[in-house]
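Written below as structure tokens is the structure these notes are about.
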Amino acid sequence: MRKIWRRAAFSAIFVTCAARTPLLSAQENLVSIDATAPVLPPQPVAAKLGSSRNPSGQVIGVNSQYLTLDGKPWIPVMGEFHYSRYPDAEWEEEILKMKAAGVQVVATYVIWNHHEQIEGVWDWNGQRDLRKFVQICGRHGMYVYPRIGPWSHAEVRHGGFPDWVLKNSPVRENNPIYLREVQEFYKQISAQLRGELWKDGGPVIGIQLENEYREARAGSGRGSEHIRKLKEMAVADGLDVPLYTVTGWDGAAVPLESVLPVFGGYPDAPWDGSSKSLYGNEIYEFRFDNRVAGSMGAVGGHGQNSSASYKGTPFLTAEVGDGAEDTYFRRPVLSADDIAAIPTVMLGSGVNLLGYYMFHGGRNPDSEAAAPPTTLEETQRAGDATDVPEKSYDFQAPIGEFGQERESLLKLKLVHYFLEDFGAELAPMAVRRPTKVPDSPKDTSLARVSARTDGEQGFIFISNYVRGLAMPDRKGFQVSLTLPDGVVKVPEEPIDLPAGDYGIWPVNLPLRGADGAVKATLRSSTAQLFKNVVAGNRTYYFFYELPNIAATFVFGKGAAVEGLSGAVQTIETPRVLELRASGEGAVEIRLAGGISLVALSESEAEQIWRGDDAHMLLRTKAEAFSDGERWTLRSDHPVMQFGLFGTVSAKAKENFEREGESGLFENFQVSVPKVVLKVTVDQLAAAKPLHAPGKSEWEMGPSMAWRPKALPMKPSTAALAGAAEWEIHLPRVAEKNISDAWLSIPYQGDEARLSAGGRLIDDTFWNGLPWVVGIRESIPQWREEGTTLQLQILPLPKDYPMYLEEGAALHFDAAGVAEALGKVRLIPQYQLLVNVTPQNQTR
């Protein structure tokens, strides 16, 4: 049913785009927040930073509260992607994927032993070519933030220190031998970045020094004194940038006159020595009292940093965990919501740089020829803290080690789009604490809520999600936000807040027309705002409904509703205009002044992509990214559908079917020829028992000062002699409409390794997730000829001592061993190229 109102004016309008759902909990959840205190003006930071202006006159600045770009408040999204862990031929596409997901800054470790494994022999070629990587980022308008160590961690061997450096002298202090070696490393990095720094018109806007470096190392030439020295050396070598940072957790050394601290948090702690779940992590708790808490506060057993370590600095992050790297001992499995619930809490805690680790997974590069060691991963056998796979560094990241996009990316990008369009308004807003907050990260008795406001405008942050905890449905939930001019209740009447929901609600949001002038005010909404697009002579504000919460819109006085459209049923009262969704598709509320509010379901919003053209949106279930000239769509299905919003049209080489309009989008469907890729698998050897039945023995690694418990080490190379072995025969993939092929290997066991001609391609510890290997990145000749791969699976005994979150899914045979291979498949990834061009028309 479709119904439109012409010029209907209301003193207040309450618009609901979905029916309410009754919940089970009888708990009252009325949250009170006092936001009447004035927002303190920002002050200069104490740190003496570098050149802030580029040749075009653009300026990057920082004050005690937020970053600025050309004088305007700025909340960038930063995502970690390690160039040396990904084939250089594929960098450009992966950077474009990150850009399409709303990432603006690419952070990357410069890992020392990836470049100087042999003393004096430098390698900046191929996938180690830092300069080429930075230039590609700059070409596509992406900023770059190198993390130059010299110690990185990054789950690499010795944290990135070459073996010879550790043999020469003590490290991470101001001893002359070590400093000479670091000085040469920094000189090499500076040479790679020459002409690519911000002051020269390049994309490099900051430098991180060291990593997880503790003040507890204080003493002559250590602690803050060492950080000051590293900065002095970096500047002397030409690394002059607007921002210098250090990690601020784990009792960090943070000389505030020299650097800014950055923070983070993870949904699990794979480095921990516990063999039990670690649910109720602090990353899901609003941080009203400290920027560091929980596992990130005491990785080394040195406790949390006091507020003095970050006084007078903005709340910046570099390691918000959007995944986790499985170690041999701890193998957590993260859902999309485990990851996507985190940004709401971080932003509600006052974060003004949303920096993720890792946003894009990868694989360790091969070791230098004839250079010990033969592998470059973190391993207990080398004296490191944990064991990780030899090659794989997938991290369960939003973009995986082979470029596969995950559900978490679809959810995160909606927050990123919000920050891109509304971050300038959010950045100066002060954090407002409710009168009552949970006592601890595991306390589920109270609703988790925060607000950020500046005068009458603000945002409310709600989170009823904590990984692993059974959160209650909250009956009678409402936030009472006291502003200087009065109280705003969101929603106007209490609702039932479902378990698992999280989101950001606007309060007194100014709605601006195409000319930039405020036309109306959105007093409140229970839908999440995520995008703003000017198309023709109208401005569209895009929202999405949180699951099982009615999407309500309450406008200020004088707002005039000119029209309403969408698949809805309508009810009108003297004060309330209520819409109840009766089908899929956008609901549009048209206001006077050229304003439209568009409400989508969450799943529909996740299909929205934005490109370089700020006046259009693309909607598709396929993966999508744009290079500024054309869109690339990729899917495991040969039939791809997409819709266009804005004053644009589309062209493609393939069969192109226009499906008409649905709401605001013009829809298209394209079919490409279906391809079936056949795989044959031959077993060569059965597994040999590693241990006597019921008497498993495990080699134990070294104890750490911060983790006295010794942990089992991953099996040695010699243990692979007991692995079950198969050959997997792959066909040639010559079809040009296939961009890649995913080799799906369902297995059970302890560890699996995939090789080609004796060269290890990828490896994994079993964690219950599907093991998927990208053929394009693994097999250079995949289009020219078929390939035979070698698969090894080590059996897992039933009495394993490790923490396997999905261990209940394992099936053990009569001998008490899990070792099995399911049906191996090769799944084509289809590709569609679409040219989208502007049209001279208005909507």
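Here are a few things to note about the model shown:
- Rounded Å value of the spacing that divides the Cα centres of segment 190-214 and segment 783-832: 41 Å
- The modelled label-to-label distance for the pair E659/V121, using points 7 Å beyond Cα in the direction of Cβ, is 5.6 nm.
- Compared with the alpha-carbon gap, the fully stretched path from T717 to T435 is longer by 95.8 nm at 0.36 nm per residue.
- Extension gain, S220-K688: 0.36 nm per intervening residue step, less the Cα-Cα distance, totals 163.0 nm.
- For segment 716-728, 3J(HN,Hα) computed residue by residue from phi via the Karplus equation (6.51, -1.76, 1.60; θ = phi - 60°) reads 6, 4, 5, 5, 5, 5, x, 7, 6, 10, 9, 10, 10 Hz, glycine and proline entered as x.
- Computed over the chain: relative contact order in percent, which uses C-alpha pairs under 8 Å that are six or more apart: 15 percent
- A DSSP coil position with no more than 12 other Cβ atoms inside 10 Å describes the following GluC sites (Glu not before Pro) in segment 721-820: E784, E785.
- At q = 0.09, 0.16 Å⁻¹ the log10 of I(q)/I(0) for segment 446-575 amounts to -0.30, -0.91, computed by Debye summation with a single uniform scatterer per C-alpha, solvent ignored.
- Taking amide H positions as modeled 1.01 Å from N, with prolines and chain starts lacking one, the residues under 5 Å from S601 and 5 or more places away or on another chain are E545, G585.
- Values [x] 1.18; [y] 0.96; [z] 1.04 are given for comparison; Cα Rg over 2.2 N^0.38 Å, derived from the coordinates here, is the one labelled [y].
- Spin-label pair K557/S56, simplified geometry with 7 Å Cα→Cβ offset, distance in nm: 4.5 nm
- Segment 317-350 and segment 395-462 have Cα centres separated by 12 Å.
- In a fully extended conformation the segment linking E699 and E806 would gain 36.2 nm over its present Cα-Cα distance, using 0.36 nm per residue.
- Ellipticity estimate at 222 nm from DSSP helix runs (n ≥ 4, -39,500 (n - 2.57)) divided over the chain, nearest 500: -3500 deg cm²/dmol
- Straight-line reach from K519: taking Cα to Cα under 18 Å and skipping same-chain neighbours fewer than 8 places apart, the aspartates and glutamates in range are D421, E425, E456, E562, E588.
- In segment 30-137, the trypsin sites (Lys or Arg not before Pro) that fall in loop regions by DSSP, at most 11 other Cβ within 10 Å: K48
- Cα-Cα over 26 Å, subset of K411/K714; K714/K798; K99/K231; K489/K557; K72/K621: K411/K714; K99/K231; K72/K621
- Note that segment 651-794, at 10 °C in a medium of 1.306 mPa s, gets a Stokes-Einstein diffusion coefficient of 83 µm²/s from its Kirkwood radius over C-alpha pairs.
- For R825, residues with placed amide H under 5 Å, excluding near neighbours: S744
- Close amide-amide hydrogen proximity is noted between K621 and Q641, each under 5 Å apart and 5 or more residues distant or on a separate chain (H modeled in the peptide plane; Pro and chain starts excluded).
- Karplus (6.51, -1.76, 1.60) ³J(HN,Hα), θ = phi - 60°, over segment 104-112, in Hz, Gly and Pro reported as x: 10, 10, 9, 8, 8, 6, 9, 8, 4
- Alpha carbon centroid spacing (whole Å) that separates segment 61-131 from segment 677-748: 31 Å
- Under the Karplus curve 6.51 cos²θ - 1.76 cosθ + 1.60, θ = phi - 60°, whole-Hz ³J(HN,Hα) for segment 150-162, x wherever Gly or Pro sits: x, 8, 10, 6, 6, 6, 10, 4, 6, x, x, 5, x
- For the residue pairs K436/K475; K97/K442; K132/K651, the C-alpha atoms sit more than 24 angstrom apart in K97/K442; K132/K651.
Where a number appears in this text, it was derived from the coordinates with a stated rule and is not lab data. The model shown is predicted, which means the values in this text are computed figures rather than measured ones. No Cβ is skipped: glycine too gets one built from the backbone with ideal geometry, and neighbour counts run over all protein chains shown.
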